[in-house]
Structures are given as structure tokens and as C-alpha cells.
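Below is one structure, written out as C-alpha cells; comments come after it.
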């Protein structure tokens with residue numbers, strides 16, 4: 001339980017605090033966004049009915065059956081994440097660059113030299129990045145209504161000091177940031193006699209979700225394509241945050257400042273199965289259907305925190321938590337994808353994907369803790385969503401020009417403080433190819449807006465920071481056919 005109390009206070013990312021660790025973790029590791037090759041990214045990932053691209057293995061594995069030649073690709077990527085945070089009439093921004101590989105893959109095409117019946121069987125293995133957690137956030141404002149010390153005092157209510165959690169209120173108690181009010185009722189209060197302290201939080205997150213996909217597919221008469229993928233997904237999420245309060249105006253008796261440092265590292269792996277088909281009733285229309293089983297994760301959290309408090313009379317207290325860890329399981333929602341594409345002779349195409357995900361079906365589990373309340377919160381506070389991706393491509397000789405748009409549904413219910421959260425992306429790019437080599441370049445701008453609470457508003461009412469995140473991504477894909 002100490003782990004659960006702690007992670008409710010630390011596992012925020014850029015997602016609202018309202019639901020604690022349960023919904024936050026379930027959502028963070030259930031969401032996938034645009035990844036893959038430069039071609040697929042420039043068309044917003046709308047490849048469910050097209051195939052012939054490495055992203056097919058992670059979206060609709062029937063797309064592997066479209067390949068007529070073997071292929072090797074790799075896609076280096078530059079990411080730039082900018083966060084603008086507005087809090088208590090103050091606005092600050094922070095940014096982060098990072099380099100990685102969005103995609104590396106190999107497809108083997110084995111054809112029968114026939115155009116009727118069984119035409120080919122293709123196999124492939126590909127690495128695709130499905131989510132990127134790298135970003136920096138800076139929040140600052142002067143709070144005249146409350147303090148994190150009120151939050152610690154409320155967490156301590158009803159407890160004897162010997163039973164405090166040494167990841168939050170226990171640290172505050174030992175740093176003399178909360179004082180006892182009544183020993184009979186075990187009530188406590190903040191050491192601050194008034195408010196007006198400057199609050200600041202610096203958040204640094206790193207890591208991502210990656211998938212190694214092993215796929216098998218077949219082509220029948222160039223009319224029906226079928227495929228299946230075993231996806232092995234890895235999770236690496238690290239969050240370091242520095243929260244501080246400081247009496248810059250010297251208005252608060254005795255109190256000078258406090259700093260609350262938190263660290264969380266989540267690692268683990270999981271697997272899923274994807275099956276799909278693409279049907280081409282006539283030459284210029286393609287229809288795709290794919291189903292993804294839940295991803296079954298085994299995850300481990302490692303965490304620690306510390307508090308330093310300074311007082312006007314020169315006293316300084318630094319208190320460190322022990323290092324904690326907790327192993328648990330997470331099953332993400334099943335996904336269903338329906339797709340349609342229109343091929344305009346040899347000059348272009350238009351493609352659409354519709355994805356349905358019910359986030360209420362995510363589940364946290366452990367051998368020594370029931371997660372009953374946490375899973376009820378997932379059901380009560382998250383919803384089913386529809387995600388839409390659309391892309392287009394125009395070809396002129398060996399050159400191709402592309403564009404795309406993706407809109408992701410709000411996963412929070414209408415009663416949430418994030419009931420108007422938005423997440424969308426615009427993308428574009430171009431490519432050039434010959435018989436053996438091809439090169440593609442893509443740019444994608446992804447925008448999201450969420451609310452972020454300094455501490456749990458269900459414990460202490462406090463105003464959220466409004467955070468707008470802009471992610472700029474440039475992807476180059478180098479490909480070889482053989």
C-alpha cells in the first residue's frame with residue numbers, strides 16, 4: 001500500500017492528476033500514436049487498408065501480404081517537444097530534443113510466380129516506436145489559497161505518526177512541515193500560518209513504448225491478403241520531478257522554503273496478437289479489418305523521494321525515503337481497426353483508418369494486492385474512444401508527395417477536469433524511389449492540451465495548470481528492395 005499511496009502522488013506525466021496512478025498508468029501504456037516509416041507517418045499512419053509498409057505489421061498485419069519484393073528499411077528520427085504551462089496567471093515554457101530510431105525492419109517475400117490462387121507468403125520482423133515519453137515541463141505561480149503542506153496534513157489525518165507513509169506525509173512530518181492539532185483524533189495542520197508562497201515544479205520524463213513485431217502474411221489472387229503479428233512490447237518510463245515552495249516575500253512566519261523530489265522508473269514487457277485482412281473487390285478500392293488482443297504487461301515500479309525544508313531561524317531538515325519497488329500486471333484494451341483506401345490509377349491514393357478502443361477495460365493486477373478500487377476508478381473515469389487517421393499520396397514519376405491528419409478521442413469521461421482534452425496531428429512529406437532504393441522524409445506536428453494538478457484535488461482543492469504540448473518530429477527512411 002505504501003507504493004500505491006506514493007505513486008498516486010508521483011505518476012502524473014502530463015495527464016491530469018484526478019485519477020491517481022490507476023487510470024494514469026493504464027492510459028499511458030494503452031495509448032499508441034503515430035510511428036513507423038516516414039511514408040506512413042507523413043500519411044498519419046492511415047495504412048490499415050494499404051499495406052506494403054513496415055507500420056502494417058503493428059496496425060493491420062495483412063499489409064505484409066502486399067509486398068512483392070523483400071525489403072529492408074531504417075528510420076532515424078529527430079524529436080522536439082515544447083510544453084507551454086499556464087498556472088495562476090503565470091506562463092512558462094520548456095523543451096526537449098531527442099534522437100532515436102522510429103523504425104527498423106526486414107521483410108522477406110516468397111512468391112509463387114502466379115497471379116491466381118496462392119501468390120505469395122511473406123514473413124517479417126520490424127521494430128516500431130509506438131509512444132515517446134520524452135519531455136520537460138516547467139510550472140510556476142504564486143498560490144494564495146493552499147500549499148502542498150495542506151495536502152500532506154490531509155493525508156496524515158486519522159493516522160498515528162508511526163504509520164505515516166515515508167514517501168509523502170512521513171517525510172513532511174520529519175521535516176516539520178506539518179504539526180499535530182489533536183492527538184485524540186490524529187488531526188494535523190500545515191506549518192504555514194498564511195499563504196502566498198511561490199510554487200514551482202520541474203518535471204522531466206524519458207522513455208517510450210517500443211514493439212518488436214514478428215509477422216506472417218499471404219496474398220491470394222491479389223484480391224485477399226491475410227496476416228498475423230506477434231507483438232513483443234517493451235516499456236521504459238522514467239519521471240524525475242522537483243517540486244518547491246518558497247516564501248519570496250518573507251510574509252510567512254518561520255517558513256522559508258521546501259523542496260520535494262520524486263523519482264519513478266517503470267520498466268517491463270508484454271505481448272499481444274494482431275490479426276487482419278485486406279480485401280480488394282476492384283482495383284481501386286481496398287478494405288481492411290484488424291483486431292488487436294490486449295497487451296499483457298508485466299511491469300515493475302522503482303521509486304524514491306525526499307524532502308528538504310528550510311526555516312527562517314536557520315534550521316534545515318533533509319529527509320529521504322527508502323527505495324521502494326513493486327511488481328504488477330497490466331492488460332490494455334482490445335483494439336479494432338476498420339480501414340478503406342481508394343487508389344487513383346498509378347498517380348495517387350486516399351486512405352482512412354477508424355480505430356475503436358475501450359479504455360474502461362484496462363486492468364491492473366497483482367498477486368498480493370487486489371487493485372479493486374483502482375480498477376473501479378478506471379471503469380468510472382475513462383471511456384471508449386474513436387481514433388481517426390486520414391492520409392493521401394500523389395505520385396509523379398519516381399516522386400511522391402504526402403499529407404495526413406489524425407484525431408484521437410478524449411479518453412476521459414464528461415465529469416473529468418480533462419473532459420475537453422485534445423490530441424491531434426498534422427503531417428506531410430515526400431519520397432523518391434527507383435527499382436532498388438527509396439528515400440522518404442516526413443514531418444509531423446502533434447498537439448495536445450491537458451490539465452495538470454500540483455497535488456491531488458480530491459484531497460486538497462487546487463487550481464490546475466493548463467499545459468499545451470507541441471511535438472515536432474522529422475523522420476527520414478532509407479529503404480532497399482531486393
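Among the residues making up segment 297-341, those that are within 30 Å of residue 224 (Cα to Cα) and either buried (at least 18 other Cβ atoms within 10 Å of the Cβ) or touching a strand residue (DSSP E or B) at 6+ places or on another chain (Cβ under 6 Å) (or both) are 332, 333, 335, 336, 337, 338, 339, 340, 341. Of all the listed residues (269, 172, 228), the sole one being surrounded by fewer than 19 Cβ atoms within 10 Å (Cβ to Cβ), touching a helix residue (DSSP H, G or I) at 6+ places or on another chain (Cβ under 7 Å) and touching a residue at least 24 places away in the same chain (Cβ under 8 Å) is 228.
Output the residue which, of all residues in segment 322-342 that are over 25 Å from the mean Cα position of the chain (by Cα) and modelled with pLDDT of 95 or more, is farthest from residue 256 (Cα to Cα). Per the criteria, the residue is 342. Quick one: would you say residue 357 is under 25 Å from residue 231 (Cβ atoms) and modelled with pLDDT under 95? Against the criterion (under 25 Å from residue 231 (Cβ atoms) and modelled with pLDDT under 95), residue 357 does not qualify. Comparison of 105, 63 shows that the only residue that is assigned to a strand (DSSP E or B), farther than 19 Å from residue 445 by Cβ, in contact (Cβ under 8 Å) with a residue 12 or more places away in the chain and within 26 Å of the chain's Cα centre (by Cα) is 105. Within segment 118-145, the set of residues being surrounded by 18 or more Cβ atoms within 10 Å (Cβ to Cβ) and over 27 Å from the mean Cα position of the chain (by Cα) comprises 119, 120, 122, 143.
Residues that are surrounded by 16 or more Cβ atoms within 10 Å (Cβ to Cβ), touching a strand residue (DSSP E or B) at 6+ places or on another chain (Cβ under 9 Å) and closer than 30 Å to residue 123 by Cα occur at least once in segment 195-208. Of the strands (runs of 3 or more DSSP E) lying entirely inside segment 310-374, those carrying at least 3 residues that are more than 30 Å from residue 51 (Cα to Cα) and in the same structural domain as residue 260 (by TED's automatic domain parsing) are 316-320, 324-331, 363-365. Being modelled with pLDDT under 95, crowded, with 24+ Cβ neighbours inside 10 Å and in contact with a strand residue (DSSP E or B) (Cβ under 8 Å, 6 or more places away or on another chain) is a property that does not hold for residue 63. For residue 15, the conditions (1) in a loop (DSSP other than H, G, I, E, B); (2) under 16 Å from the mean Cα position of the chain (by Cα); (3) modelled with pLDDT of 95 or more are fulfilled apart from (3). Residues satisfying the criterion are absent from segment 211-227 (criterion: farther than 24 Å from residue 288 by Cα and either assigned to a strand (DSSP E or B) or out of contact with any strand residue (DSSP E or B) (no Cβ under 7 Å at 6 or more places or on another chain) (or both)).
Within segment 267-286, does at least one residue satisfy the condition of being assigned to a strand (DSSP E or B), under 22 Å from the mean Cα position of the chain (by Cα) and within 30 Å of residue 149 (Cα to Cα)? Among the residues of segment 267-286, not one is assigned to a strand (DSSP E or B), under 22 Å from the mean Cα position of the chain (by Cα) and within 30 Å of residue 149 (Cα to Cα), which makes the answer no. Residue under question is residue 370, and the condition is that it be without any contact (Cβ under 8 Å) to a residue 12 or more places away in the chain, surrounded by fewer than 18 Cβ atoms within 10 Å (Cβ to Cβ) and out of contact with any helix residue (DSSP H, G or I) (no Cβ under 7 Å at 6 or more places or on another chain); does it hold? Yes: the conditions hold for residue 370. If you take the residues in segment 172-193 that are within 28 Å of residue 85 (Cα to Cα) and either at pLDDT below 95 or not in a loop (DSSP other than H, G, I, E, B) (or both), which one is farthest from the chain's Cα centre (by Cα)? If we take residues in segment 172-193 being within 28 Å of residue 85 (Cα to Cα) and either at pLDDT below 95 or not in a loop (DSSP other than H, G, I, E, B) (or both), then 190 is farthest from the chain's Cα centre (by Cα). Suppose the filter is in a strand (DSSP E or B), in contact with a helix residue (DSSP H, G or I) (Cβ under 6 Å, 6 or more places away or on another chain) and surrounded by 16 or more Cβ atoms within 10 Å (Cβ to Cβ); does residue 235 pass it? When the stated conditions are applied, residue 235 does not pass them.
The values are calculated or read from the model by the stated rules, or taken from the named source; none is laboratory data. It should be emphasised that the depicted structure is a prediction, and the values quoted were computed from it without experimental measurement. Note that we place each Cβ from the backbone using ideal geometry, even for glycine, and neighbour counts take in every protein chain shown.
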